[in-house]
Amino acid sequence: MLKKIAAIIVLASLPALALAADYQAGKHFLVLDEPIKSSNAEVVVVNEFFGYTCPHCNGFEPLLHHWAQEQTQGVNFMAIPVVFGRSWEPYAKAYFIALNLGVLDQTHQAMYNAVHVDERRMTNRQALAAFFAEHGVSKTDFDEAYDSFDLQNKMRQGKRLAARAKITGVPSMLVNGKYMVNTTLAGSNEGMLAVVDYLVELESQ
């Protein structure tokens, strides 16, 4: 009886193993020509590239949030807002300002909701200040974060990382500075996270 149970377990795991074995560079993910070295080699770094105005990113966010909550200490996850044009800049600033002020948990999904549910457009400093005020951030704290060198530096770093990772669309994910995955390659949002899990496991070995 035990042998039968063991056999069933092995057979049940075969599709998942076969699927993982089928992931191929150039087909399900891209390998960067020049890997981006991490400052912490003890963890696997995973980045999501996104934009608050992107409807696909908005749809992906609940899945990604659940995925991020399930990761162990061996995975360091951080989202990177992309800037594909001047209209994207205020939203990228909003992310980094929230990160700087420690209010990202309050504002991240709220910004998606503001854009895609309430149809608000925050294309200037005044609109962003009003949004942050709604989430308990004083004008003084907002102005300080908005005018900070830290914000300018994070914006530059984000643009540089997106360029080096050859990000041309969002949402996209980068695993350990080596592998780029997007929904076009993976087939779906769920597929993208499955490929990322495979690559994280690969890098953890």
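Of the conditions (1) surrounded by 17 or more Cβ atoms within 10 Å (Cβ to Cβ); (2) under 22 Å from the mean Cα position of the chain (by Cα); (3) not hydroxyl-bearing (Ser, Thr, Tyr), residue 142 fails just one. Which one is it?
(2)
Can you go through 159, 166 and tell me which one is outside any helix (DSSP H, G or I), under 23 Å from residue 38 (Cα atoms), of a type in the set (Lys, Arg) and touching a residue at least 60 places away in the same chain (Cβ under 8 Å)?
On the way: 159 fails: outside any helix (DSSP H, G or I).
After ruling out the rest, the residue left standing is 166.
Kindly indicate whether any position in the stretch 57-78 is out of contact with any helix residue (DSSP H, G or I) (no Cβ under 8 Å at 6 or more places or on another chain), at pLDDT 95 or above, small (Gly, Ala, Ser) and within 30 Å of residue 202 (Cβ to Cβ).
Scanning the stretch 57-78, I find at least one residue that is out of contact with any helix residue (DSSP H, G or I) (no Cβ under 8 Å at 6 or more places or on another chain), at pLDDT 95 or above, small (Gly, Ala, Ser) and within 30 Å of residue 202 (Cβ to Cβ), so the answer is yes.
Condition test on residue 81, is it within 24 Å of residue 184 (Cα to Cα) and touching a Phe, Trp or Tyr at 6+ places or on another chain (Cβ under 7 Å)? Even if it seems obvious, please write down each step before you answer.
Values: within 24 Å of residue 184 (Cα to Cα): yes; touching a Phe, Trp or Tyr at 6+ places or on another chain (Cβ under 7 Å): yes.
Spelling it out, residue 81 is indeed within 24 Å of residue 184 (Cα to Cα) and touching a Phe, Trp or Tyr at 6+ places or on another chain (Cβ under 7 Å).
Looking only at residues that are among the small types (Gly, Ala, Ser) and farther than 20 Å from residue 87 by Cα in the stretch 146-180, which one is surrounded by the fewest Cβ atoms within 10 Å (Cβ to Cβ)? Walk me through it before giving the result.
Step one: of the stretch 146-180, the residues among the small types (Gly, Ala, Ser) are 148, 158, 162-163, 165, 169, 172, 177.
From what is left, the residues that are farther than 20 Å from residue 87 by Cα are 148, 165, 177.
Working: 148: 14, 165: 22, 177: 20.
This residue is 148.
Select the helices (runs of 4 or more DSSP H) contained entirely in the stretch 40-156, then report the ones holding at least 3 residues which are in contact (Cβ under 8 Å) with a residue 60 or more places away in the chain. Spell out how you get there, then give the answer.
Values: elements: 55-70, 89-101, 104-116, 125-134, 139-146.
Helices (runs of 4 or more DSSP H) meeting the threshold: 55-70, 89-101, 104-116.
Looking only at residues that are of a type in the set (Gly, Ala, Ser) and closer than 22 Å to residue 199 by Cα in the stretch 49-103, which one is surrounded by the most Cβ atoms within 10 Å (Cβ to Cβ)? Step through it out loud before you land on a result.
First, the residues of the stretch 49-103 that are of a type in the set (Gly, Ala, Ser): 51, 59, 68, 74, 79, 85, 87, 92, 94, 98, 102.
Filter once more, so that each one left must be closer than 22 Å to residue 199 by Cα: 68, 74, 79.
Values: 68: 15, 74: 11, 79: 20.
Ranking the candidates gives 79 first.
Here are 200, 181: which of them is in a strand (DSSP E or B) and either modelled with pLDDT of 95 or more or more than 14 Å from the chain's Cα centre (by Cα) (or both)?
Working: 200 fails: in a strand (DSSP E or B).
Unique residue meeting the criteria: 181.
The values are calculated or read from the model by the stated rules, or taken from the named source; none is laboratory data. Note that the structure is a prediction, hence the values are computed from the model and not measured. So basically every Cβ, Gly included, is an ideal-geometry build from the backbone, and we count neighbours across all protein chains shown.
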